[in-house]
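Notes follow the structure.
The values are calculated or read from the model by the stated rules, or taken from the named source; none is laboratory data. Because the structure is a prediction, the values reported are computed rather than measured. For neighbour counting, all protein chains shown are included, and Cβ atoms are generated from backbone atoms with ideal geometry for every residue, glycine included. Surface areas here come from the heavy atoms of the whole protein model, side chains and all, with no ligands, DNA or RNA. Shrake-Rupley method; radii C 1.70, N 1.55, O 1.52, S 1.80 Å.
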Amino acid sequence: METESEPYVRLATLRQLHQVMADMNTARSLADTLQTVADGVVTGLGYELACVNLVRADGDLVVAAFSGNPAAEALITGRVGSRDSWERRLSMGEHWGDLVFIPHTEGWVLDDDDVPQWYTDGPAPRFEDEWHPSDRLFAPMYSAGGPGGSGELLGVLSVD
């Protein structure tokens, strides 16, 4: 009889996940919850920056939470990007399941649209499959039904 080994998970990673979930349970408002999500992506998943964009009543998206750089947070939180610009972003690039990845080789066309964005001047990649500072990764969030069904876009989580 063969036994399957369980993947090794670092104890520090489990502690971070536990802390993020504890923080989620103490969030008192939508703003607190969205900020906890952004903070959890940075502390728990290791991204340098995380941004939660929320769909407003008019369809445009507002930066509702930002984490990873307090100066950038002060400048970008509350800014709005048009729905058309967001739809363009979510329809281009590579679809990784529910995620949308736009490599820097394609994403440069988005540099001047109206979506609030913040970049870090990270090092150039040493290997072909390493993250480039201008790569973009989006996790669109839909109501029940998802992107292919009847679900409506609720927001987008973006990371750097």
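Points worth noting:
- Within-10-Å neighbourhood charge of E106 [Cβ basis; K, R +1; D, E -1]: -1
- Extended-chain gain in nm, criterion 0.36 nm per residue less alpha-carbon gap, R126 and L154: 6.5 nm
- If you take all other residues with their beta carbon under 11 Å from the beta carbon of V159, and give Lys and Arg +1 and Asp and Glu -1, the sum is -2.
- The residues of region 33-137 expose on average 55 square angstrom of accessible surface per residue, using a 1.4 Å probe on protein heavy atoms.
- Put a plus charge on the Cβ of each Lys and Arg, a minus charge on the Cβ of each Asp and Glu, and nothing anywhere else: the dipole of region 48-160 about its Cα centre is then about 340 debye.
- Net charge of Cβ neighbours under 15 Å - reference D60; Lys, Arg +1; Asp, Glu -1: -1
- Calculated P(r) tail over 21 Å for region 54-141, as whole % of Cα pairs: 34
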